[in-house]
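To start, the structure under review is shown below, and the notes come after it.
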Amino acid sequence: KAGVTQTPRYLIKTRGQQVTLSCSPISGHRSVSWYQQTPGQGLQFLFEYFSETQRNKGNFPGRFSGRQFSNSRSEMNVSTLELGDSALYLCASSTGLAGGPGTGELFFGEGSRLTVL
Amino acid sequence: AQSVAQPEDQVNVAEGNPLTVKCTYSVSGNPYLFWYVQYPNRGLQFLLKYITGDNLVKGSYGFEAEFNKSQTSFHLKKPSALVSDSALYFCAVRERERNTDKLIFGTGTRLQVFP
């Protein structure tokens, strides 16, 4: 079973640009979550999508957005990039079904490392 | 709101010795607790979880964790550390205020196992 795939793995942008990151979840998983990881702030939750609907959202500005497609693949977009957006962006998938044996267990991708210059 | 705390930024242990990585939690209701490990330049890997049942949970790579309700702790343990266990370890709690798979992570503890 293929794992969670994130593309691109590395990218460099300049301030003011925008970026789109992609995540393909494990086959059969309907929930995709996004996290930002930085040395200073640790792992911060961005948002979660389940069956194409945003089910939860963290405390990030509106420049951070996401969507999920009918095949469960997800993209996140950051507009008007700032230096502080430099981070490792992690995508995680899960069944998304509360109460099941996999409840809460997330499967993470390798991440997309964004550097903003 | 749910939260977890990892009081140690780094834990150093000699290979072959037992290791403990500490985690305490603050939740309303019964907690869903997790441990994840992150190797350099990699994503997070699931180690184990506690949802209900036995307080001692066994997970991947010989790790185990003990859920202690009275001390609100969920410490990660391994009887004999390996150099390859050196990594960043995260404790997490599932947010249960809504039907979601959002995890709240601790700040992480870097484990360094010396040969």
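For the segment A:48-57, counting C-beta atoms of other chains within 10 Å of every residue's C-beta and taking the mean gives 2.
Per-residue mean of other chain beta-carbon atoms within 10 angstrom of the beta-carbon, peptide B:43-49?
On the way: counts 15, 11, 2, 7, 0, 1, 4.
Per residue, the average neighbour count from other chains is 6.
Value of Rg to Rh for the protein assembly as shown, rounded to two decimals, is 0.97; Kirkwood radius and Rg both from alpha-carbon coordinates. Calculated translational diffusion coefficient of chain B (25 °C, 0.890 mPa s; Stokes-Einstein with Kirkwood radius over alpha-carbon pairs) equals 173 µm²/s. Computed 3J(HN,Hα) for the range B:42-47, one whole-Hz value per residue from the Karplus formula 6.51 cos²θ - 1.76 cosθ + 1.60 where θ = phi - 60°, is 10, x, 8, 10, 5, 9, glycine and proline marked x.
Pairs of Lys residues in the protein assembly as shown that lie 8 or more places apart, or on two chains, and have C-alpha atoms under 24 angstrom apart add up to 23. Here the spin labels are modelled as points 7 Å beyond Cα on the Cα-Cβ line, and at A:Ile12 and A:Arg30 they lie 4.3 nm apart.
Normalising the average separation of contacting C-alpha pairs (under 8 angstrom, six or more residues apart) by the number of residues puts the relative contact order of chain B at 37 percent. Placing dummy labels 7 Å off each Cα toward the beta-carbon, the span from B:Ser3 to B:Asn17 is 3.1 nm.
Send over the Kirkwood Rh of chain A, from the inverse of the averaged 1/r over different Cα pairs, rounded to one decimal Å.
On the way: mean 1/r = 0.0704 Å⁻¹.
Computed over chain A, the radius equals 14.2 Å.
Under 5 Å between amide hydrogens, built in the peptide plane, is the criterion, and for A:Thr5 it picks out A:Ser24 among residues at least 5 positions away or on other chains. Each label point was placed 7 Å from the Cα along the Cα-to-Cβ direction; for A:Gln54 and B:Glu64 their separation is 4.4 nm.
Pairs of alpha-carbon atoms within less than 8 angstrom and 6+ residues apart define the contacts here; what relative contact order does chain A have, in percent? The partial results should precede the final answer.
Values: 301 pairs, mean separation 41.5, N = 117.
Value for chain A: 35 percent.
Residues whose amide H falls under 5 Å from that of A:Ser31, counting only those 5 or more places apart or on a different chain, are A:Ser94, A:Gly96, with hydrogens built in the peptide plane.
Quick one: length gained pulling A:Thr20 to A:Gln44 fully straight, 0.36 nm per residue minus the C-alpha distance?
Values: separation 24, 0.36 × 24 = 8.64 nm, distance 1.83 nm.
Gain in length upon complete extension: 6.8 nm.
Computed from the Cβ-Cβ distance with R0 of 30 Å, the FRET efficiency linking B:Ser80 to B:Thr107 stands at 0.70. Each residue of the range B:107-114 was assigned a 3J(HN,Hα) from its phi angle through the Karplus curve 6.51 cos²θ - 1.76 cosθ + 1.60 (θ = phi - 60°); the sequence is 7, x, 10, 8, 9, 10, 9, 9 Hz, with glycine and proline shown as x. At full extension, A:Leu83 and A:Arg63 could sit 5.9 nm farther apart than now, given 0.36 nm per residue minus the alpha carbon distance.
Where a number appears in this text, it was derived from the coordinates with a stated rule and is not lab data. On a predicted model such as this, the values are computed, not experimentally measured, just so you know. Using ideal geometry, Cβ is built from the backbone for each residue, glycine included, and neighbour counts are taken over all protein chains shown.
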